[in-house]
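Okay, structure first, notes after.
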Amino acid sequence: MVEFAAGKHKVLVTDEEGTAEYMFSQHDMLKFMEDNPSSIPEDLMVKTGDQLGYLMPNIVHAKTTAPTIEILRTLEKHDMTAVPLVNGKGELTGTFSQSDLKGVSTLMLVDLFLEAMTFLEDEEARGAGRPLSVKPDARFGEIMLPLAYSGAHRIWIIDEENKVIGVASMTGVIKEVMKATVS
């Protein structure tokens, strides 16, 4: 769990002799916790995204119409792995993540000048679909469940107008469980 709380997404599990057995991921950890609710303290399960500190006053976002290359600059500038995509009204419409670049070859570099949503749709990237989101009063379990089974690494917290006001990551969720079980 310590490795996952530090941000690693997968760890190699070995037997006593050091022979590789299988990969265990953050998703696997969240699925285990979801399937074994007694592994999580009840007082943590009832905390909301707001109480857990997942709200952020000025969350960095990008417009769906921004060129992909500009979004990459934004990720680099703010040392981020993903950014919420918003429409002209500032409403959440997607997610652009570093993992959306998997499979991009040098022949496709011109695609980086496409609008973000066009790039995601053309590349059949995960961020093009409906992004995961919850309201600020969502409880820890309601935040953890979609992360465990969706394949996403983060869930955006949105207000009543569908505007992004925070984010919870798998790493952050695992850190919360560690803090609650160690203390």
Among residues of region 7-22, those that are open to solvent by 80 Å² or more (accessible area, probe 1.4 Å), without any contact (Cβ under 8 Å) to a residue 24 or more places away in the chain and of a type outside the set (K, R), counted: 5
Residue, farthest from K179 (Cα to Cα), within region 35-56, restricted to residues that are within 18 Å of the chain's Cα centre (by Cα) and surrounded by fewer than 17 Cβ atoms within 10 Å (Cβ to Cβ): M56
Qualifying residue in region 23-33 (condition: open to solvent by 80 Å² or more (accessible area, probe 1.4 Å) and over 25 Å from R139 (Cβ atoms)): yes
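State all residues of region 73-87 that are surrounded by fewer than 17 Cβ atoms within 10 Å (Cβ to Cβ) and either out of contact with any strand residue (DSSP E or B) (no Cβ under 7 Å at 6 or more places or on another chain) or closer than 20 Å to G151 by Cβ (or both); if no residue qualifies, say none.
R73, E76, K77, H78, D79, M80, T81, listed by residue number.
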Yes/no for E3 being without any contact (Cβ under 8 Å) to a residue 60 or more places away in the chain, surrounded by 12 or more Cβ atoms within 10 Å (Cβ to Cβ) and more than 29 Å from K163 (Cβ to Cβ): yes
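The values are calculated or read from the model by the stated rules, or taken from the named source; none is laboratory data. Every value quoted in this text rests on a predicted model; they were computed, and no experiment measured them. Neighbour counts run over all protein chains shown; Cβ positions are idealised from the backbone, glycine included. Side chains are part of the model used for accessible areas, which takes the heavy atoms of the whole protein and leaves out ligands, DNA and RNA. Shrake-Rupley method; radii C 1.70, N 1.55, O 1.52, S 1.80 Å.
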